[in-house]
Amino acid sequence: MARVLLRRGSKALAARSISGAGARLEWRARRFCSDGFQERESMDYDVVIVGAGPAGLAAAIRLKQLCDREKRELSVCVVEKGAEVGSHILSGNVFEPRSLSELFPDWKKQGAPVEIPVSEDKFWLLSSKHAIPLPSPFRNHGNYVISLSQLVRWLGTKAEELGVEIYPGFSASEVLYDDNRVVGIATNDMGIAKNGSKKSTFQKGMELRGRLTLLAEGCRGYLSEEVIRKYQLRKQSGAQHQTYALGIKEVWEVEESKHRPGFVLHTVGWPLNTKTYGGSFLYHMANRQVAVGLVVALDYQNPYLSPYEEYQRFKQHPSIRPMLEGGKVVQYGARTLNEGGFQSIPKTVFPGGALIGCSAGFVNVPKIKGAHTAMKSGLLAAETAFEQLAKGSEPAKLDSYWERLQNSWIWDELNAARNIRPAFHYGLLPGLAVSAFEHYISKGKLPYTLKHGRPDHLSTEVSKKHKPIDYPKPDGVISFDLLTSLYRSNTNHEHDQPSHLLLRDPSIPEKVNLIDYAGLESRYCPARVYEYIPDENEKLTLQINAQNCLHCKACDIKDPPQNIKWTTPEGAGGPGYSIM
């Protein structure tokens, strides 16, 4: 079953459900709202969810399951900026099925794409030439090697079967407020040219209004960050700032003789220096496919460091290259992830809604997992929302979601792991020592909590303190130039639209970043969005290739003067992941 918005001119008419040979039109209560220039249509729901990822879809499904069980009717809408459900989803992923089992106890019988159990679980410390085996702390027995984008598509199908309305290809670009309460979201206008004029294809954005709004945008969500700032949600919970990492990932198709379904490998050490936190992964999936990636914490100091080039170097390690030789890359992508853990969780409730999943930041960094906690947060929020809406009290409140979260296994799990990530602020070996003590001996019960260092953008040092890194040229067999990799991400944007990457001060790239940080935008971006090119006077100026954007959000996080602002482009733009 698929649902799309039918439009005539700039007016959205209805939500259409297509199932088999028949089709029906579902009409919602609609009204027209004026922004001073042109009316935009509004559709009303009980719950509006932004983001069709693990958290958003788990919440939508649980709401409809409760409706079926309690014989009640609630309208639930999910809006997704990707062209298809799953097309913007990228993750490792060794999947812990704990929350999926809560959602669908018979998920195996129902055909969930969770099929390859972990068969081997290895952990190596790499030097430039050697791999030193270490005891694996990950305890992946009972977990599965999956494609999260495929699982999300399956969840989307299940949600629609239950009556959830899903609208892919529509970017939520604005939070709607009424008397300091969130009352829904608006999608952005489509069909605007680069010069700001309206093209013949112009369509006004829509308002999707909800009695409750759940933000499930993923890491560094555009609307989520606005709400966190507006309601001072980190201050309310006493949380520290969020810290982040950038994950670079490829899916390879390897030779049959080298394929070991369920084989899991994690490494630390080379190619990163001892002051830079990060590590690699290599997961054998089904169909001779292997997920390979490198995660680099964005609090790195050296502005000459390129996460993309470090990943290319990693694949050339003498213990890694033989696993890939004879194979080919099927897909490429990149995404930032939350690493702040327990210390960085904001209050997840605000007037009219809640943060769920990575919009709040529930990744368990030592486990290298976040899908199970994201889904659980969606279940908790949905159960709270159903109770409130079923009571009929207005305005509905989600305060007890915050209490449920603190009493859940999410809280216990992240609290136990709270000191491991910040311990690496002191270097690789001290970090490994503290991690081993916390993991094997204290079990996270020590009476202190380590704090994070400075925010990622302030951790970057000026270029004069470092030497440029001479990265090897790609061989076209194991390592590749960036544009070749970008092509494999299936990234596409409408070229004739205003850039969604905004500069608060257009002069700062040349006056600050180029001089003080050697133009680091051109290196931290994994999609060559930012390039310094000579103008007619041979002066280097910043060129922004917004059409290349993978929506990873690294620029929004790492830019030292915080001059770059990532906003939502037209819906359906961005990467087109299918097996990530």
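Tabulated values for the structure
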{"quantity": "Positions within region 256-270 being open to solvent by less than 60 Å² (accessible area, probe 1.4 Å), over 19 Å from GLY92 (Cβ atoms) and not basic (Lys, Arg), in sequence order", "calculated": "TRP270"}
{"quantity": "Identity of the residue in region 352-389, under 24 Å from PHE281 (Cα atoms) and among the charged types (D, E, K, R), that ends up modelled with the lowest pLDDT", "calculated": "LYS367"}
{"quantity": "Failed condition for SER101, given (1) open to solvent by 20 Å² or more (accessible area, probe 1.4 Å); (2) of a type in the set (S, T, N, Q); (3) at pLDDT below 95", "calculated": "(3)"}
{"quantity": "First in region 139-158 and farther than 22 Å from VAL365 by Cβ and at pLDDT 95 or above, second anywhere and surrounded by fewer than 24 Cβ atoms within 10 Å (Cβ to Cβ) and not aliphatic (A, V, I, L, M), Cβ under 8 Å, 6 or more apart", "calculated": "GLN150/PRO113; GLN150/SER578; ARG153/GLU84; TRP154/GLY111; TRP154/PRO113; LYS158/PHE104; LYS158/GLN110"}
{"quantity": "Test: residue in region 542-557 that is assigned to a loop (DSSP other than H, G, I, E, B) and open to solvent by 50 Å² or more (accessible area, probe 1.4 Å)", "calculated": "no"}
{"quantity": "Verdict on LYS230 being open to solvent by less than 70 Å² (accessible area, probe 1.4 Å) and of a type in the set (Lys, Arg)", "calculated": "no"}
{"quantity": "Qualifying residue in region 242-255 (condition: touching a residue at least 12 places away in the same chain (Cβ under 8 Å), more than 20 Å from the chain's Cα centre (by Cα), closer than 23 Å to PRO575 by Cα and open to solvent by 10 Å² or more (accessible area, probe 1.4 Å))", "calculated": "yes"}
{"quantity": "Of the criteria (1) out of contact with any Ser or Thr (no Cβ under 7 Å at 6 or more places or on another chain); (2) at pLDDT 95 or above, which one PRO430 fails", "calculated": "(2)"}
{"quantity": "Verdict on GLU536 being free of Cβ contacts under 8 Å to residues at least 40 places away in the same chain, farther than 26 Å from LEU90 by Cβ and not aromatic (Phe, Trp, Tyr)", "calculated": "yes"}
{"quantity": "Residue match in region 196-212 (condition: outside any strand (DSSP E or B) and open to solvent by less than 10 Å² (accessible area, probe 1.4 Å))", "calculated": "yes"}
{"quantity": "Close pairs (8 angstrom Cβ cut-off, 6 or more residues apart or separate chains): within 18 Å of GLU461 (Cα to Cα) in region 556-575, at pLDDT 95 or above and polar (S, T, N, Q) anywhere", "calculated": "ILE557/THR336; LYS558/THR460; ASP559/ASN513; PRO560/THR460; PRO560/ASN513; PRO561/ASN513; ASN563/ASN513"}
{"quantity": "The lone exception for THR201 - which of (1) of a type outside the set (A, V, I, L, M, F, W, C); (2) at pLDDT 95 or above; (3) touching a strand residue (DSSP E or B) at 6+ places or on another chain (Cβ under 7 Å) it fails", "calculated": "(2)"}
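The rows are residues; the columns are (1) open to solvent by 30 Å² or more (accessible area, probe 1.4 Å); (2) under 15 Å from the mean Cα position of the chain (by Cα); (3) modelled with pLDDT of 95 or more; (4) under 21 Å from LEU398 (Cα atoms).
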site	(1), (2), (3), (4)
GLU39	yes, no, no, no
ASP46	no, no, yes, yes
ILE49	no, no, yes, yes
ALA52	no, yes, yes, yes
ALA58	no, no, yes, yes
LEU63	no, no, yes, yes
CYS67	no, no, yes, yes
VAL76	no, no, yes, yes
GLY82	no, yes, yes, no
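The values are calculated or read from the model by the stated rules, or taken from the named source; none is laboratory data. The model shown is predicted, which means the values in this text are computed figures rather than measured ones. Reconstructed Cβ throughout: ideal geometry from the backbone, glycine too, with neighbour counts over all protein chains shown. SASA here: full protein model, heavy atoms, side chains in, ligands and nucleic acids out. Shrake-Rupley method; radii C 1.70, N 1.55, O 1.52, S 1.80 Å.
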